[in-house]
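The values are calculated or read from the model by the stated rules, or taken from the named source; none is laboratory data. Since the model is a prediction, treat every value here as computed from it, not as a measurement. Using ideal geometry, Cβ is built from the backbone for each residue, glycine included, and neighbour counts are taken over all protein chains shown.
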Amino acid sequence: MKRHFILFFIVALYGLTNLKAQFETSGTEDFGRLFDITYDLNVEDKLYASTLKNHLLVSYDKGENWEILFSFPITEAIEIHDLKQMGDNTLSFIMYNLDSNNNKLVFYDMETNELTKEIYPPYEADFNRIKSYSVYGPNPNIILLHASFDWENTEKVFYTTDGGENWSEVYDHAQNNGVTVNNAVISPFDPDKLFLARGVGNFEEDGGLWVSENAGADWTEVISGANFDAIEFNAMNPQDILVGTSMNFNEQTQNVFRSSDGGNTWVEMPISWTDGVLNHINIIKFNPFNFDNIIVLEENEIVISQDRGNTWENYPYTNDDPFEYYAGLNMSFNPFVEDELIITGNFYPFYSNDGAVTLSQMKNPYFEVTGSLDVFSQDAQHLYYGVQGGYIHLNLTTMEQQSTEIPPIGSYSVSSADKIFADQNVEGRVYNFKGGFMGAEVTLSEDHGQTKLTLMNTFMNYLDVAVSDPNDVNLIWVAVSDIVTENELYKIDVSNQENISSTMMNLPQPGALSGLYINPSNSQEMIAAIGAGIFKSMDGANTWTSWGSGLEMSLDPSVDVILKFTQNPANPNIFSIATSQGIFVSTDAGENWVKKYDGVIQNVSLSAYNENHIVGVIQTSEFTSPKIIFSTDLGESWEEITSEELFDVATYKSTVRFLEDSAEIYLGTFDLGLIKITVDLETMDVSEPEFISHNTIYPNPTRDFLNIQIREEINSVEIYSLSGQRLMISSGSKINVSHLNKGIYIIQIHSKNGKTESQKFIIN
């Protein structure tokens, strides 16, 4: 079953009652990455998870489908770490904002969908990072917070009993021979009893395990000669505690230690280990159904005891295959099903129904799209998008996906990810650019990338243009540029693939090409966008002249740039450019340009079905947050989908596929994978609902039943969460919603005469 989430932007989002946009995932599930997947303590089959970046997700069917629970602007939260459930309705987690002092511990109320508390480390610094935290369950105002400052030069641990209003500094690594802390934990049975699992210090000093009985006023080293990280308490016995050693490049014996007297004395457990690179014990957990069952997650193995730790069974993973298991970072037990658990790995999550004896990858469509996106939109439809440095071909007709040269996770860098161009004249032909230390290679494939032919090698950094001559597809034009302003244009003849010829052509000025148009009636006539200018050649790129008027007053060549140049397939006289100053349109083949939209915009596309349909995409940058704009009158008026309505997705990549009355906008995101937003372009008029009034859905708010009274006969009724997941479907006029949580929902009513209307309602 395909995991997905769908969001209908209905009624309120644009103020246009009949305007509808659909939001869904479209990418592969093979490389999905979710973290801190956690079973809800009280609701069966309900899960929480964090993504690679700035989103919290929730699932109501044990991970088959997900919806967005909460999102943060990418400027506020680069990543979400250490997600935990506290009590019935609160989640806690760390909002990490990279090299800044805007890093904080956050409490999120699931009933109100609000952040109820934001706690910053109580130390002034240009940079801080919360590395671990512990909240005392019976009183969440008692918190132990472990953070580093000023690029790891300072590391401290703080303790509060009033929710962060006042703090006590209980540890400073500068006062303790520079020994760092790996984990700071409050005993779940005594708020004054604190544990510090310490790491390495100056002169390679081993940190040991420290315990305080008086809220950090005094410390006692209870285990010496080793570094520690994982700490676990037996919820049924306050005297029973386990700790695990951390990585140490000194001579240290890897092991789990156990205390049966509350942490005063410790003994090593009888475990043998499979040697790995780090030999770091990440997680230790008691099975909440059976406290004789203990599971330990290590870098390259899982170790399990069924008899309170007297004997252990090792399950090593020595194939270095992240699809099997690698470095489990977290583990959550299903509170309703014995032996069912989820392990969050360093790369991929895993599911087990036998207590971690066997694992299966928990597939999901949430990953970072790398490289680029492009679409082939002729009679056949194909989409290409990057994953882990390689790319995937998605057949939009059959929805089959085919991977191409995807390297193992952890062995690629985003900067070396493939750049992909789909040739619009030849189905299945794609151009690929892969860079490296020894230069880059431009390749041609006639089978969606499965086999490749090298066109050229270059020391340039970017592939800007790759198109075939519409009059002779054996002639290919390739433009490359470097990180400064140098550019090169090549005409490559592939009519004899055993003897490819390449000719460097002239360009009128430095700068990256953002588009190249070749007249399908005359290949000698070409129009190119370079830097902030438009240029025309009538002799096949031998000579160029500046072309068109209307841009010179808006674009400053010293600071502005054309980011996308495109021609309308429905009308050869219509061109458009996306620039650092907005969208410009020409209706006379580039002779005159008129500004249609103001503001930085990275992508613009024109419809082959209707010359008046135009879509623009603003992508993530230092100055912009994602936004989609669209027009049905060639830019005279615009509607938009804001960043907030897009759940604060972050994206550098976008492409557009037009249909007759709609547009599919594909965004390659940082953490939600490939998402598709379908915009209905059939009508942009503001109109009143045809058969729903505010009095026809009652009572609103409601607690148990929702009644529907309309003039038409009901065909079906669907109820959606605000995040777009369909929760119910019915055909009656009285619907039982008592099982739904408190909150705001959307009801979508379909009449038998084909009309559809939607309205919000509240469950209180």
message: Please determine whether any residue of the stretch 46-53 is among the polar types (S, T, N, Q), part of a strand (DSSP E or B) and buried (at least 22 other Cβ atoms within 10 Å of the Cβ).
response: yes
query: If you go through the stretch 609-642, how many residues are in contact with a Ser or Thr (Cβ under 7 Å, 6 or more places away or on another chain) and either under 18 Å from residue 24 (Cβ atoms) or surrounded by fewer than 16 Cβ atoms within 10 Å (Cβ to Cβ) (or both)?
result: 4
task: Return the only residue of 506, 522 being farther than 19 Å from residue 466 by Cβ, surrounded by fewer than 17 Cβ atoms within 10 Å (Cβ to Cβ) and modelled with pLDDT of 95 or more.
output: 522
message: Contact list please: Cβ distance under 6 Å, first residue in the stretch 673-702 and within 30 Å of residue 51 (Cα to Cα), second residue at pLDDT 80 or above and assigned to a loop (DSSP other than H, G, I, E, B), pairs at least six apart or on different chains.
response: 673/27; 673/365; 673/366; 673/367; 674/26; 674/27; 676/26
- prompt: Being in a loop (DSSP other than H, G, I, E, B), closer than 24 Å to residue 198 by Cα, among the aliphatic types (A, V, I, L, M) and in the same structural domain as residue 195 (by the TED database), is that true of even one residue in the stretch 92-101?
  reply: yes
query: Could you say which residue among 400, 405, 486, 427 is charged (D, E, K, R) and without any contact (Cβ under 8 Å) to a residue 24 or more places away in the chain?
result: 400
message: Which condition from (1) under 30 Å from the mean Cα position of the chain (by Cα); (2) surrounded by 14 or more Cβ atoms within 10 Å (Cβ to Cβ) is the one that residue 729 breaks?
response: (2)
- line: The number of residues in the stretch 236-251 that are surrounded by 13 or more Cβ atoms within 10 Å (Cβ to Cβ) and either under 38 Å from the mean Cα position of the chain (by Cα) or not in a loop (DSSP other than H, G, I, E, B) (or both) is 8
Only one of 462, 366 that is in contact (Cβ under 8 Å) with a residue 40 or more places away in the chain, surrounded by fewer than 22 Cβ atoms within 10 Å (Cβ to Cβ) and among the hydroxyl-bearing types (Ser, Thr, Tyr): 462
- request: With respect to residue 356, determine if the residue is under 26 Å from residue 64 (Cβ atoms) and in contact (Cβ under 8 Å) with a residue 60 or more places away in the chain.
  value: yes
message: So, residue 293, is that one under 26 Å from the mean Cα position of the chain (by Cα) and either at pLDDT 95 or above or farther than 24 Å from residue 253 by Cβ (or both) or not?
response: no
query: Out of the residues in the stretch 242-277 that are free of Cβ contacts under 8 Å to residues at least 24 places away in the same chain and aliphatic (A, V, I, L, M), which is nearest to residue 291 (Cα to Cα)?
result: 267
field: Which numbered condition residue 508 fails, given (1) part of a loop (DSSP other than H, G, I, E, B); (2) over 15 Å from residue 490 (Cα atoms)
entry: (2)
- line: residue 481 meets each of (1) within 30 Å of the chain's Cα centre (by Cα); (2) small (Gly, Ala, Ser); (3) farther than 21 Å from residue 512 by Cβ with one exception, condition (3)
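Residue-by-condition table, conditions (1) touching a residue at least 24 places away in the same chain (Cβ under 8 Å); (2) in a loop (DSSP other than H, G, I, E, B); (3) in contact with a Phe, Trp or Tyr (Cβ under 9 Å, 6 or more places away or on another chain):
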site	(1), (2), (3)
554	yes, yes, yes
557	yes, yes, no
573	no, yes, no
585	yes, no, yes
615	yes, no, yes
Candidate set: the stretch 118-163, residues that are of a type in the set (Gly, Ala, Ser) and surrounded by fewer than 19 Cβ atoms within 10 Å (Cβ to Cβ); chosen: the one modelled with the lowest pLDDT: 125
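Quick check on the stretch 220-232. Is at least one of its residues of a type in the set (S, T, N, Q), touching a Phe, Trp or Tyr at 6+ places or on another chain (Cβ under 8 Å), closer than 21 Å to residue 152 by Cβ and in contact (Cβ under 8 Å) with a residue 12 or more places away in the chain?
No, the stretch 220-232 contains no residue that is of a type in the set (S, T, N, Q), touching a Phe, Trp or Tyr at 6+ places or on another chain (Cβ under 8 Å), closer than 21 Å to residue 152 by Cβ and in contact (Cβ under 8 Å) with a residue 12 or more places away in the chain.
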- prompt: Would you pick out the residues in the stretch 213-226 that are surrounded by 20 or more Cβ atoms within 10 Å (Cβ to Cβ) and modelled with pLDDT of 95 or more?
  reply: 216, 223
